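Here the structure comes first, spelled out in C-alpha cells, and everything after it is commentary.
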Amino acid sequence: MSRLYGDPIEVWTRDGEPAQFVWRDRLYSVRAVVDRWVVAREWWKTSETDPGERRFWRVQAGPGRVVGTYELRFDTASAGWLLLRAWD
C-alpha cells in the first residue's frame with residue numbers, strides 16, 4: 001500500500017543520483033535506486049535555460065535499519081525536490 005505526500009525535501013546527490021534526503025526532520029540514506037525516469041513538459045513551457053523536465057527516482061531508503069520504498073521528484077524549473085509517495 002502506498003501513500004501520496006508531495007512534501008518538499010532536501011536532497012544530497014552523488015553522481016547525479018539521490019544519496020540522502022531529509023523528510024519530516026529525519027535523515028534517510030538511500031540504499032538502492034529501484035527505478036528512474038524523466039518526464040518532459042510541453043514544449044511551450046520550456047526554454048533554453050530550463051529544459052522543462054521532471055526527474056523521478058524510486059528508491060529504497062531509511063533513517064536506520066528499517067528500509068522503505070520512496071518516490072522522489074526533481075523539477076528543473078523550480079530546482080526543487082519532492083517526496084511524492086511512500087510504500088509500507
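Please treat every number below as a calculation from the coordinates, not as lab data. Quick caveat, the model's predicted, so the values are computed rather than measured. As a convention, Cβ positions derive from the backbone with ideal geometry for all residues, glycine included, and neighbour counts pool all protein chains shown.
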Exercise for the section: Note down the nm distance, to one decimal, between modelled labels 7 Å out along Cα→Cβ at Lys45 and at Met1. Expected result: 3.2 nm
Handout entry: Nonlocal amide H pairs with Gln20, under 5 Å, H built at 1.01 Å
Key = Trp12, Val30
Exercise for the section: Work out the FRET efficiency for Arg65 and Trp37 from their Cβ-Cβ distance, taking R0 = 22 Å, and round it to the nearest 0.05. Expected result: 0.15
Exercise for the section: Send over the per residue convex hull volume for the chain, Cα only, as a whole number of Å³. Expected result: 99 Å³
Exercise for the section: Just flag the GluC sites (Glu not before Pro) in region 43-73 sitting in loop per DSSP whose Cβ has no more than 15 other Cβ atoms within 10 Å. Expected result: Glu48
